[in-house]
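Here is the structure we will look at.
The values are calculated or read from the model by the stated rules, or taken from the named source; none is laboratory data. Remember, it's a predicted structure, so these values are computed and weren't measured experimentally. Using ideal geometry, Cβ is built from the backbone for each residue, glycine included, and neighbour counts are taken over all protein chains shown.
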Amino acid sequence: MRDCYGGDPNAYFDNPASVGVFDASGQYLEQVMIDFSGVDDTISVDVPNSICNFPPTICIHRTIYEGTVILPTTTNEYILSYQRCCRTGSIANIIDPLSSGMTFFTTVKPAFENTAPIFDRDIPYAVFSGTAFVYDGSATDPDGDSLVYELTTPFLGASVDFPQPQPPYEPPYEPVNFILPQYSVGNMLGGNYPLTINSETGEMVAIPSFSGVFQIGYLVKEYRNGILIGATQREFIFYITPAGMDQSYTVSGAVLLENGAPLDFGSVQILERNISTDSLSVYAEQPINADGQYSFQNIPPGVFYVKALINPGSVYFDDYLPTYYNNAALWYNADPINQCDTSGQYRNIYLIPTGGPLGPNAFEGNVYSIDTGEPVANLPLILTDEEDILIQSRTTDATGYFKFENLASGNYQVLGNLTNSSLLNEFPPVVTLPQADPLTINLFADRLSFDTTIDVDYLQTEEINDVRIFPNPTSSEIQIWINVNGAETLDLQLYNTQGILLNQHLEQSADNTGKISESIDLEDHPDGIYFLKIQGKEGAVYKKVLKQTR
């Protein structure tokens, strides 16, 4: 990408661009010359209907280079890098940006057949100051590797005197210089609510305090079977604009079935997210019209989601699930509304169809608060099978009552969609059908559970940095890899869905690299869901394991 105006006016896209190949020690091996494709996308946020007061000079050009290099197989890694100068001179959080070059790089291990992660969304080009924002910086790994996200300082590269080094300079690369103490890798935007990233989901949140242009960087690491096999660095700039006196806008769209037909009978909620408490509240709700349309007026800047609800009187009530924009059944998987969106952008919600075979079985029960003993009303419940296929959705009534019907025999998981991220669905109650007796489900602060006696603490402690379980699903044995922070020993315990302890590996000790490796044999246990409890002195972490031989 390049700034249309804020950088060097002669800094056109390289033709060709040089990608340097280096070994693990930083020794130069070769360069790959990639011709410019001629594709130059102009990305402008100066949209007439935008509620953000952007200066007229915000303009970004983008292109993509593609090339091929064949490298010898090695047990070590390669480093591929590209360098360019210079950054836009308007960047506010680093020293001398106009003279600061940049390095983009990735590390690969040829011993592993691997495809780099694919980033799911474009970067957010602009947000409001003094207003919370959420950005999903996640990626999808085509190989199914585990991804870990972390903020990182962007790197220097080329210089004003040598703006297009061919080949690029060798690693290691120097980080940019933040303007201390106001800005740092721990507070790239400044202010009292720093930019953070969720290491598991890649979600970024912040409340920017200052207007301007800010440089951001983060790293995506790929793990396979507990081994780091690659890392990809990404950086971009945020344009933060001041919010005016009246920046309200309209959120509108239609609720549609899978075939594009409108829902006949339902409503839409717009929910506001408080990132300090990580919870949602219903800002407004309205019924859809005969064409399935909705329209919320005068929505202020902030983090909002929209959700479609299906009325029980609808002929589609059992065929589709309540759905968030964009195509999510749980709120923490939904797309927030960009606070600098245009008022003319429609947010059509396509309902998620139910899955799984029909059958004669049903089960019912009540949900009670473990703290007060009172029934939990208006709690959305989602039923899935063992493979996480969405089956049905029900909402508890004033007495906490719910009922799922027309189900085939088998095992089902009950998930809660309480609009608070402290309710996790990693350890859900499991129902085996046929089931005759009414069930009692208890709502804890962080989980739903049949049992009130199991001491479950889902909060990841400082003792446990990372847990990898592979293969998962498994047909027999699982391998467990744990990255430990200061703890001398951890206890590993495997439970079934009834909370019965199946085996126990006491006092597993970390090696000199701070890791614990262990295996558990599930050969003699039936197919189904199990839960691994990793207990330290400060708390415990639970992970779901699926045994599946068929």
Qualifying strands (runs of 3 or more DSSP E) (wholly inside segment 212-288; at least 3 residues being surrounded by fewer than 16 Cβ atoms within 10 Å (Cβ to Cβ)): 279-287
Which pairs do you get when a residue that is more than 16 Å from Gln233 (Cβ to Cβ), found in segment 90-114, comes within reach of a residue that is in a helix (DSSP H, G or I) and at pLDDT 85 or above, reach meaning Cβ atoms under 6 angstrom, with the pair 6+ apart or on two chains? Ile91/Pro97
So which residues in segment 99-158 are assigned to a loop (DSSP other than H, G, I, E, B) and aliphatic (A, V, I, L, M)? Ala111, Ala116, Ile123, Ala132, Leu156, Ala158
Given the structure, is Ala111 modelled with pLDDT under 90 and among the aliphatic types (A, V, I, L, M)? yes
Among the listed residues Asp371, Asp335, identify the single one that is surrounded by fewer than 14 Cβ atoms within 10 Å (Cβ to Cβ) and not assigned by TED's automatic domain parsing to the domain that holds Ala206. Asp371
Selection count where residues are surrounded by fewer than 18 Cβ atoms within 10 Å (Cβ to Cβ) and closer than 24 Å to Leu228 by Cβ, scope segment 154-178: 4
Residues in segment 392-401: is at least one among the β-branched types (Val, Ile, Thr) and surrounded by 18 or more Cβ atoms within 10 Å (Cβ to Cβ)? yes
Hey, among the residues in segment 458-507 that are of a type in the set (Asp, Glu) and surrounded by 16 or more Cβ atoms within 10 Å (Cβ to Cβ), which one's modelled with the lowest pLDDT? Glu463
Could you look through segment 294-310, keep only residues that are out of contact with any helix residue (DSSP H, G or I) (no Cβ under 7 Å at 6 or more places or on another chain) and of a type in the set (Ser, Thr, Tyr), and pick out the one that is modelled with the lowest pLDDT? Ser295
Residues of segment 508-518 satisfying the condition of being surrounded by 10 or more Cβ atoms within 10 Å (Cβ to Cβ) and out of contact with any Phe, Trp or Tyr (no Cβ under 8 Å at 6 or more places or on another chain): Gln508, Ser509, Ala510, Gly514, Glu518
Of Gly89, Gly101, Gly130, the only residue that is closer than 30 Å to Gly302 by Cβ and either more than 26 Å from the chain's Cα centre (by Cα) or not hydroxyl-bearing (Ser, Thr, Tyr) (or both) is Gly130
Please specify each residue of segment 289-329 satisfying the condition of being small (Gly, Ala, Ser), within 22 Å of the chain's Cα centre (by Cα) and not in a strand (DSSP E or B). Gly302, Ala329
For Pro72, are the conditions met, namely being modelled with pLDDT under 80, surrounded by fewer than 16 Cβ atoms within 10 Å (Cβ to Cβ) and not acidic (Asp, Glu)? no
Could you list, ordered by first residue, the pairs with Cβ atoms under 7 Å in which the first is in segment 465-482 and closer than 15 Å to Gln548 by Cα and the second is small (Gly, Ala, Ser) and surrounded by fewer than 16 Cβ atoms within 10 Å (Cβ to Cβ), at least 6 apart or interchain? Glu477/Ser519; Ile478/Ser519
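Residues are listed down the side, and each one gets a yes or a no for (1) out of contact with any helix residue (DSSP H, G or I) (no Cβ under 9 Å at 6 or more places or on another chain); (2) among the small types (Gly, Ala, Ser); (3) at pLDDT 95 or above:
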position: Gly191; (1), (2), (3): yes, yes, no
position: Pro194; (1), (2), (3): yes, no, no
position: Asn198; (1), (2), (3): yes, no, no
position: Thr201; (1), (2), (3): no, no, no
position: Ile207; (1), (2), (3): yes, no, no
position: Phe214; (1), (2), (3): yes, no, no
position: Leu228; (1), (2), (3): yes, no, no
position: Thr241; (1), (2), (3): yes, no, no
position: Gly266; (1), (2), (3): yes, yes, yes
When you check Glu272 against the structure, is it among the charged types (D, E, K, R), under 22 Å from Leu379 (Cβ atoms) and touching a strand residue (DSSP E or B) at 6+ places or on another chain (Cβ under 9 Å), yes or no? yes
Subset tally (residues that are polar (S, T, N, Q) and under 25 Å from Asn496 (Cβ atoms)) for segment 391-416: 4
